[in-house]
1. Would you mind stating whether Val276 is part of a helix (DSSP H, G or I), of a type outside the set (S, T, N, Q) and more than 17 Å from Ser230 (Cα to Cα)?
2. How many residues are surrounded by fewer than 19 Cβ atoms within 10 Å (Cβ to Cβ) and assigned to a loop (DSSP other than H, G, I, E, B) if we restrict to segment 160-178?
3. Residue under question is Lys215, and the condition is that it be under 19 Å from Ala300 (Cβ atoms) and surrounded by fewer than 22 Cβ atoms within 10 Å (Cβ to Cβ); does it hold?
4. If you scan segment 365-395, which residues turn out to be surrounded by fewer than 23 Cβ atoms within 10 Å (Cβ to Cβ) and more than 21 Å from Gln321 (Cα to Cα)?
5. If you take just the helices (runs of 4 or more DSSP H) that sit entirely in segment 1-94, which of them hold at least 2 residues that are buried (at least 24 other Cβ atoms within 10 Å of the Cβ) and assigned by TED's automatic domain parsing to the domain that holds Leu236?
6. Would you please list the contacts, defined by Cβ atoms under 6 Å and residues six or more apart or on different chains, that run from a residue in segment 383-405 that is hydroxyl-bearing (Ser, Thr, Tyr) and modelled with pLDDT of 95 or more to a residue that is assigned to a loop (DSSP other than H, G, I, E, B) and buried (at least 24 other Cβ atoms within 10 Å of the Cβ)?
7. Do you know which residues across segment 221-268 are in a strand (DSSP E or B), in contact with a Phe, Trp or Tyr (Cβ under 7 Å, 6 or more places away or on another chain) and among the small types (Gly, Ala, Ser)?
8. Scan segment 300-348 for residues that are surrounded by fewer than 24 Cβ atoms within 10 Å (Cβ to Cβ) and small (Gly, Ala, Ser) and jot them down.
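The values are calculated or read from the model by the stated rules, or taken from the named source; none is laboratory data. Quick caveat, the model's predicted, so the values are computed rather than measured. Using ideal geometry, Cβ is built from the backbone for each residue, glycine included, and neighbour counts are taken over all protein chains shown.
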Amino acid sequence: MRRVVVTGTGIWSCIGCGLDEVRDSLYAGRSGIGVEPERIGYGYQSSLTGIVKKPVLKGVLDRRLRVGLSEEAEYAYMATREAVANAGIDEYYLLKNEVGVLFGNDSSAKAVVESANIMAEKRDSMLLGSGWIFQSMNSTVNMNMSTIFHLRGINFSVSAACASGSHAIGLGYMFIKQGLQDMVICGGAQETNYYSMASFDALGAFSKRMEEPTKASRPFDRNRDGLVPSGGAAALVLEDYDHAMARGAKIICEVAGYGFSSNGGGISQASADGSVLAMQRALKDAGVGVGDIDYVNAHATSTQQGDMNEAEALGRLFEGQRAWISSTKSMTGHECWMAGASEIVYCTLMMQNGFVAPNINFENPDEASARLKIAAKTVETKVETVLSNSFGFGGTNSALIVKKI
């Protein structure tokens, strides 16, 4: 079995557009959450959201390539562009070598809703542009990235709710580890428009703390009242270790373990047992114990039941251990389909810069979170081995372990 390393990362999120901005936000505990008043007019209960800057692609990409890009694919282009450059890869390399692409994405609502609105009003499909089909499919991200970056390896989307981005990295890791690919661009992308989140809002899942947007996302805090939707995109270049060394690549970290499970219960029901199993499998795959973990990036989204179940699971494994724990969703909100990928990027930035990002707004622990070593403020410390959790609707669980070489 081959070793799998990360040689490039890229990020486009509400806490920064690019690695440097995001690193600084993580260290400072800076929130990217705000309000979008249009949501209330559209019928939402909550106007809270991660505020993600829209990329300006005119003059950067040819129009024929831009026309098929959905909102989340635009974010993914920016993240992938940074990751490829960060990995020291140019267009010539991509043209001459086989590179795969696996992205987590589980919706493309805006294109579907807007094209349906045109049809309802005009009753004429000829008024739909040629790009609508490519924008509206769940595979919109990987099909566009494959086209733009000339990627000729494995190519599909991973649709696994809020574990999508994590599973995409896990699958890329497996393809390389088993010798089926030398390099795969993996990641996750999430649209932020209000069309995409109305059904979430209908569940009453969102925080109503609109008068204090930056304090609304409160993972593990007793007074949490719901999650805050967010999005953007993250990309990582995964590569066989020997292949990376042969081309003189800078190695950021190693993907050492991947664990997964399914709860097999209610469609929106969290499970401490399922979470524990995924983490245990990742630890076993990486050949490390709980005492080797420096930091756990928790899935914790700021919901009552989800946080409680994860805290219970983390307590079973990490109570009394040295690992710091935090949820970066306290700053970013819940980045949904991209979260499992963006949070690995956040972890690599902590590794590279020697700190654990804070779980901001953690003021009053509840019975479950009181057992955990939660970093309420930035902790300057060596971070060499990290566990990152991602859980999603349908009971899908993913855990990844990355470590310094």
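1. Working: part of a helix (DSSP H, G or I): yes; of a type outside the set (S, T, N, Q): yes; more than 17 Å from Ser230 (Cα to Cα): yes.
Spelling it out, Val276 is indeed part of a helix (DSSP H, G or I), of a type outside the set (S, T, N, Q) and more than 17 Å from Ser230 (Cα to Cα).
2. Taking segment 160-178 and keeping what is surrounded by fewer than 19 Cβ atoms within 10 Å (Cβ to Cβ), we get 174, 177-178.
Keeping just the survivors that are assigned to a loop (DSSP other than H, G, I, E, B) gives 178.
Adding up the residues that qualify gives 1.
3. Values: under 19 Å from Ala300 (Cβ atoms): yes; surrounded by fewer than 22 Cβ atoms within 10 Å (Cβ to Cβ): yes.
Judged against the criteria, Lys215 is a match.
4. Residues satisfying the conditions are Phe393, Gly394, Gly395.
5. Working: elements: 19-28, 38-42, 63-66, 71-86.
Correct list: 19-28, 71-86.
6. Going by the 6 Å Cβ cut-off, the qualifying pairs are Thr385/Ile293; Ser390/Ala163; Ser390/His299; Thr396/Ala163; Ser398/Ala163.
7. If we filter segment 221-268 for residues that are in a strand (DSSP E or B), which is where we start, we get 221, 227, 229, 232-240, 253-262.
Then keep just the ones that are in contact with a Phe, Trp or Tyr (Cβ under 7 Å, 6 or more places away or on another chain); that gives 221, 227, 229, 232-233, 238, 255, 258.
Across segment 221-268, the qualifying residues are Gly232, Ala233.
8. Passing the criteria: Gly306, Gly315, Gly320, Ala323.
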